[in-house]
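Every read-out reported here was derived from the displayed coordinates using simple, explicitly stated rules and does not represent laboratory data. Just so it is clear, the structure is predicted and the values come from calculations on it, not from any experiment. As a convention, Cβ positions derive from the backbone with ideal geometry for all residues, glycine included, and neighbour counts pool all protein chains shown.
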Amino acid sequence: MPEKKIRVLVAKPGLDGHDRGAKVVARALRDDGMEVIYTGLRQTPEMIAEAALQEDVDVVGLSILSGAHNALVPQIIQELKANGQDNIVVFLGGIIPEDDIDGLLKQGVHKVYGPGTDTREVCKDIREAVSAEA
Amino acid sequence: MPAEQISELRKGNRLALSRVLSQIEAGTAKGDQALEALFPYTGQAHKIGITGPPGSGKSTLVNALARQLRALESHPKVAIIAVDPTSPFTGGAILGDRVRMQDLQGDKGIFIRSMASRGALGGLAAQTEMMSQAFDAAGYEYIIIETVGAGQSEVDIVNLAHTTIVVDVPGMGDDIQSIKAGILEIADILVVNKSDQLGADQSVKHLQNMIAMGYRGLRYAGGKHRLSATMPQKQDEPEPSGWIPPVLKTIAFDGTGVDKLAEEIFKHGKHLKETGLWTEKAEAAITETLRKLMISTLYKQWRQAMPEKELENIINQVLERNLHPHQAIQQLLSYNKNTKQ
């Protein structure tokens with residue numbers, strides 16, 4: 001039996017067009033042996049939840065640099081739940097002011113990453129979170 | 001796999017379908033049970049394979065084609081299985097086909113599933129066919145399967161799809177490329193995508209000439225100097241299937257030519273059914289599936305019965321050049337026989 005592959009959806013919600021960070025993380029996860037589905041730019045919360053549903057992912061990684069995280073992230077988490085995917089672990093990266101982080105964690109985000117994060121840390125966190133969920 | 005999940009899937013519950021797909025992809029016992037329960041409901045869908053070199057616009061073409069199919073009067077449900085390569089070094093993968101399929105995402109009649117090849121060669125993943133069965137049983141009338149960006153010999157798709165579309169782009173090489181064996185041979189429909197680019201007409205001509213060589217009676221171009229006039233006689237003329245692959249020009253990005261492509265797909269489907277080839281293809285596909293399952297099952301059985309130590313011992317003997325791999329296989333096989341007795 002092959003080991004269970006971790007499947008991650010990397011998504012860019014909202015209107016900012018800066019996807020270098022998302023692509024770097026996607027590449028790092030790939031190199032850690034995960035299967036990464038990349039959605040492309042300017043996704044609505046519905047589109048992200050729909051992609052997560054069709055791809056049956058374990059993890060959704062969001063990248064937001066527009067400042068709209070407090071509006072977008074709760075909507076995405078709600079859409080995931082509405083689809084019956086409470087099991088999905090949500091990670092967030094981008095430019096997120098420290099004052100906002102606690103609120104986002106309370107909303108159900110597993111962890112928030114800022115600039116300069118070591119991608120090995122992200123990989124490790126994802127593996128731990130997914131095995132805890134299983 | 002609980003019966004409830006199967007009936008949910010049949011009723012159109014997309015989360016149930018998605019989870020079954022994961023079980024099938026992982027090759028679990030649950031996945032096998034689901035496939036067995038679903039199998040009686042399969043055999044309805046028209047499976048369309050799309051293959052071609054990386055960057056030829058396969059995903060964009062799939063996007064445009066799915067939209068075209070959904071616009072039909074009956075609004076058929078369309079499934080897309082998009083395969084991308086797995087890294088041979090880390091086992092990871094980046095599945096990026098959805099990026100080109102964004103305008104399909106609001107449509108609940110379309111289900112896109114990305115798949116990593118997980119070490120399989122030939123342009124598909126080992127479980128692609130099994131996953132297409134789940135879509136089939138869930139009532140998806142068209143299943144579009146996009147292969148890994150293929151080179152010259154990734155031709156597995158032909159065993160899976162009813163209609164195989166090979167996508168080419170202008171400037172991929174001279175006419176000798178087009179008469180090589182391999183991927184171009186498997187096409188039921190040939191598409192020159194990005195046909196607004198320089199050299200599109202020339203590519204079309206190369207491909208038409210390639211096809212004309214195989215059909216004596218066919219004249220795309222060239223009058224009495226046409227290539228087909230001088231080719232050696234083939235056994236059956238025209239081809240026994242009576243289907244001559246059309247060469248189409250598309251610009252997938254803005255949808256140009258995609259209506260014509262859909263028409264040819266319908267025509268091909270009808271042709272297969274009228275000539276009995278539909279059943280013949282199904283039979284060939286089942287034979288191939290059984291062959292593959294037999295190989296993997298026998299291998300698994302052998303591997304389980306083989307003690308690690310004994311295997312290592314024989315590998316070492318090969319390493320030291322005391323045994324040729326041929327001889328090693330004989331020993332490994334006879335070892336198994338001995339233990340059974």
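For the reader, a short list of remarks on this structure follows.
- Average partner coverage of A:50-59, which counts Cβ from other chains inside 10 Å: 6
- Candidates B:SER18, B:SER59, B:SER74, ranked by Gaussian network fluctuation over chain B, Cα under 10 Å, top entry: B:SER74
- When chain B is treated as a Gaussian network with alpha carbon springs shorter than 10 Å, the biggest mean-square fluctuation among B:GLN23, B:GLN68, B:GLN304 belongs to B:GLN304.
- Taking label positions 7 Å along the Cα-Cβ direction at both A:ALA71 and B:LEU72, the computed distance is 4.1 nm, reported to one decimal.
- Spin-label model, B:ALA26/B:SER334: points 7 Å from Cα along the beta carbon direction are separated by 4.3 nm.
- Look at the stretch A:36-48: the mean tally of other chain Cβ atoms within 10 Å of its residues' Cβ atoms is 4.
- Ranking of B:TYR299, B:TYR140 by count of other Cβ atoms within 10 Å, fewest first: B:TYR299, B:TYR140
- Look at the stretch B:112-120: the mean tally of other chain Cβ atoms within 10 Å of its residues' Cβ atoms is 4.
- Near B:SER56: Cβ cut-off under 15 Å, other residues only, Lys/Arg at +1 and Asp/Glu at -1. The net charge is -2.
- With a Förster radius of 45 Å applied to the beta-carbon distance between A:LYS106 and B:GLN33, the computed FRET efficiency rounds to 0.65.
- Taking B:HIS326, B:HIS268, B:HIS46 as the candidate residues, the one with maximal mean-square fluctuation in a Gaussian network model of chain B, Cα springs under 10 Å, is B:HIS326.
- The spacing between the stretch A:37-78 and the stretch B:252-282, judged by their C-alpha centroids, is 36 Å.
- Spherically averaged projected area of the convex hull of Cα atoms, the stretch B:36-101: 6.6 nm².
- Gyration tensor (alpha-carbon) shape descriptor, the stretch A:1-128, a/c threshold 1.5: rounded
- In the protein assembly as shown, the inverse of the mean reciprocal separation of distinct Cα atoms equals 24.6 Å; this is its Kirkwood hydrodynamic radius.
- Proximal charge balance of A:ALA82 [Cβ under 12 Å; K/R count +1, D/E count -1]: -3
- A Förster distance of 41 Å, applied to the separation of the beta-carbon atoms of B:ASN316 and B:GLU283, puts the FRET efficiency at 0.35.
- Summarising the label geometry, the points placed 7 Å from Cα in the beta-carbon direction at B:GLN44 and A:ASP99 lie 5.7 nm from one another.
- FRET efficiency estimate (nearest 0.05) - Cβ-Cβ, A:THR119 to B:VAL99, R0 22 angstrom: 0.55
- Positive minus negative residues near B:ILE186 (Lys, Arg vs Asp, Glu; Cβ under 10 Å): -4
- Total lysine pairs under 24 Å (Cα atoms) in the stretch A:2-132, excluding pairs fewer than 8 apart on one chain: 19
- Inter-centroid distance (Cα atoms) of the stretch B:1-80 relative to the stretch A:101-125, Å: 34 Å
- For chain A, the relative contact order comes to 26 percent (Cα pairs under 8 Å, sequence separation of at least 6).
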